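Novice: For reference, the structure I am asking about is given below.
Each reported figure results from applying straightforward, stated rules to the coordinates on display, with no laboratory input. Computed from a prediction, not measured in an experiment: that's the story for all the values here. When we count neighbours, we look across all protein chains shown, and the Cβ atoms used for this are built from the backbone with ideal geometry, even at glycine.
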Amino acid sequence: MFKKILLPSIFIILAYGFWISPDFKQISAGVAIFLFGMLSLEQGFRAFTGGALEKILRHTTGSLWKSLGFGVMSTTILQSSSLVSVITISFLSAGLIGLAAGIGIIFGANLGTTTGAWLVAGFGLKVKISAYAMPMLVFGVLLIFQKSKALNGIGYILAGLGFLFLGIHYMKEGFEAFKDTIDLSAFAIPGYRGLFIYTGIGIFATVVMQSSHATLVLIITALAAQQISYENGLALAIGANVGTTITAIIGSLSANIQGKRLAGAHMIFNLVTGFIAILFIHQFVQIVDVVSAYVGIDDDDYTLKLAVFHTIFNLVGIIVMIPFINMMVRWLETTFKEKESPVEQANFLNDSALEFADTAVEAVRMETLHLYDNAIEIIANTIGFSKSEINSDSDLKQLLITRKKIPEVDVEARYDKNIKGIYSAIIAFISQVRFNWQLEQSADLHWLRRANRNIVEAIKSTKHLQKNLLTFSQSYNQHASGEYQNIRLNLAILLRELEDIRHEPDPDIKILSMDEIKITIGEADEKQNNAIDELIRSGKVVPETGTSLINDSAYLLDIKSNLVQFFETLFVAQEREITKAERKLVLDDDEITEIRSVSE
Amino acid sequence: MKQKKLLEKLKAFFDSDARERNKQKSDIKDILKKLKKKERNLKEKFDAEDDVDKRNRIQQKIDVIYAQRKKGIKLIKEQ
């Protein structure tokens, strides 16, 4: 509910603000451009992940100090602690680094992110940065149009930096103009009350903008324009640090348990650091003064002093928290426990089934059928049918007409939930069986393993098929949509026929029933390819759509062939004696061709 | 006569190949019966069906079963 009204409320408040103040509009536009620059930067660096970046990460997080240093360096280079957090989470999930190393990177990222303040304070406000922004944008966008992945990535990085600088420029301009209309410094509140209020404002601003960077830039520009007092600027910076945690928490809501643990660590770090900073604010101010004097920062250069403060208080946070990292890891691991996995588990495989060869084979066979049932449901849903419709007597053609729009199924997620767990359990179970069993049972298990692979292959082809199926089944080109409807119908009919064969009252002739299915599959494939050729030749579909159709009919054939092979294999591993005789009657290729030529 | 039959039975008992052949012969016969029954059912379905596509499919199934039965009969004769 809160989520639903949050965005419209922000829109209304902003729109009202734009209406009454053009300066506010300029500042907001600056923030928007800045955030867009960050997005572009992230996109640019993403082009370099999966290779060099990940390799470096693996080698540079060997110890706590290394991971800390890595966090500082990478965040300084990327200018985005959230990107570093995301990459860290992905490495944690992949098991390449431990939670302690991940926490080290996050701590380091907290320090690295303070370089953003330096960038703006020391560099951004002294020079007319928009002068750099423009060429960066031009070169960046030109590079974005390049096909090479590396050049494209560099393009996004350049454009990102360009937008960052441009955003800073707009924010600065906005605040300068704002200064003439309202004197924000009149609202400066001294003492702890002001400290807490501005910390709150800092948290709020960071949550709204989803970026501590943007808040800091805002603080520094406001400070440079003397809109806020120095102390209040410090409080805002503390708030920004705490606020970024909320961003991480929101981000981790959809992350796995490792991501949640890392967000937890992030939160603890920032809360503790923020608490220390508020508690010892006067001491911090003194330290900042000493350091500033030492490095030659003017007494009234509050913007640079804020950058010093930001760095020092994060540094203190790291020094205080480092001894407790291991304790934190233990606490996080016990607090954020791996939840009961939502992944569907195997029903028939257990240790007792391993005792005897026959029971083991039967358990695997039953589990394979369980897997098949789940797979059929996924395939049926992907083509817009329910499993009960497939198993019923309802007219599939009629159903198809009434249901042109296919509800989108997340095949990948369904695979993870309903297939992967069972498939892995089957493979693990088969690998446990003893080798001294009779040859017969070992062969059965070998075939069952292959049958399982057939199911997985069928699901993968379904995933590939789905992409165009969703797009083209509603296409304005009736010929294209018609062909995709045919693909759906074809597959639905096959699923129903396979179910019929499976539940055939006479189990002894199941393999023989597959002969006719194989003939139909071959014929349907040939017919469809001829139809596609004709559509392309007559110009009824553009060649691009035609090739999509050709690819998708290949996926369809792949799904069908895998399902048929699955059935054949499954029945081989059952009723051994009778299948031997049954197989003698299975038609060979020549005999099948003969029937097809007669029917044509 | 009785002795001769008994000897034949004894020979068959010790001749595992022949035993195997006989077993397969009877299995194939069994399957042929079932196929015949299925073919009959399909023919009834064919007569009751109005949809052309569905009739074609049923006909194809009947053709395949016919070819399988033919193959089975040939195999029995060869043995």
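Novice: From the P(r) of the stretch A:468-543, can you give the percent of Cα pairs sitting at distances over 15 Å?
Specialist: More than 15 Å apart: 64 percent of the Cα pairs in the stretch A:468-543.
Novice: Averaged over B:29-42, how many beta carbons belonging to a partner chain fall within 10 Å of each residue's beta carbon?
Specialist: Working: counts 1, 5, 9, 3, 1, 7, 5, 0, 2, 6, 0, 0, 0, 0.
Neighbouring Cβ atoms belonging to other protein chains average 3 per residue here.
Novice: Same structure, new question: If you put +1 on each Lys and Arg Cβ and -1 on each Asp and Glu Cβ, how big is the dipole of the protein assembly as shown around its Cα centre, in Debye rounded to 20?
Specialist: So the magnitude is around 1480 debye.
Novice: If you don't mind, there's one more thing I want to ask. Where does each of A:Ile157, A:Ile219, A:Ile383 land when they are ranked from fewest to most other beta-carbon atoms within 10 angstrom?
Specialist: A:Ile157, A:Ile383, A:Ile219
Novice: Under the √(5λ) rule applied to the eigenvalues of the Cα gyration tensor, what semi-axes describe the equivalent ellipsoid of the stretch A:351-599? Give them in Å, descending.
Specialist: Details: eigenvalues 240, 95, 46 Å².
With the √(5λ) rule applied to the stretch A:351-599, the semi-axes are 35, 22, 15 Å.
Novice: Moving to a separate point now. At q = 0.13, 0.18, 0.21, 0.26 Å⁻¹, what is the log10 ratio I(q)/I(0) for the stretch A:412-495, with the Debye formula run over Cα points and no solvent?
Specialist: The Debye formula, applied to the Cα set alone, gives -0.60, -0.85, -1.00, -1.21.
Novice: Now for a different question. Which entries of B:Lys29/B:Lys71; A:Lys417/A:Lys467; A:Lys420/A:Lys463; B:Lys38/B:Lys61 have Cα-Cα distances beyond 18 Å here?
Specialist: Pairs exceeding 18 Å: A:Lys417/A:Lys467.
Novice: Taking the Cα centre as origin and putting +1 on Lys and Arg beta-carbons and -1 on Asp and Glu beta-carbons, what dipole magnitude results for the stretch A:351-599, to the nearest 20 debye?
Specialist: 980
Novice: Here's something else I'd like to know. Once the Cα gyration tensor of the protein assembly as shown is found, what semi-axes does its equivalent ellipsoid get, as square roots of 5 times the eigenvalues, in whole Å, sorted largest first? Don't skip to the answer; put the middle values down first.
Specialist: On the way: eigenvalues 1015, 192, 76 Å².
Working from the Cα gyration tensor, I get semi-axes of 71, 31, 19 Å.
Novice: Here is a further query. So which aspartates and glutamates pass the test for A:Lys147, namely a Cα distance under 20 Å, with those fewer than 8 places away in the same chain ruled out?
Specialist: Output for A:Lys147: A:Glu42.
Novice: Could you state, as a whole-number percent, how many of the C-alpha pairs of chain B are farther apart than 20 Å? Before the final figure, lay out each step's value.
Specialist: Details: 1609 of 3081 pairs.
Cα-Cα pairs in chain B separated by more than 20 Å: 52 percent.
Novice: How many partner chain Cβ atoms sit within 10 Å of a residue's Cβ in peptide A:583-596, on average, as a whole number?
Specialist: The per-residue average across the peptide is 3.
Novice: Turning to a different aspect of this structure: Mind checking B:59-65 for the average number of partner chain beta-carbons within 10 Å of each residue's beta-carbon?
Specialist: Averaged over the peptide's residues, the number is 6.
Novice: Something else now. Ranked from highest to lowest mean number of other Cβ atoms within 10 Å per residue, what is the order of the peptides A:587-596, A:417-426, A:5-14?
Specialist: On the way: A:587-596: 14.0, A:417-426: 19.2, A:5-14: 10.6.
So the order, starting with the most tightly packed, is A:417-426, A:587-596, A:5-14.
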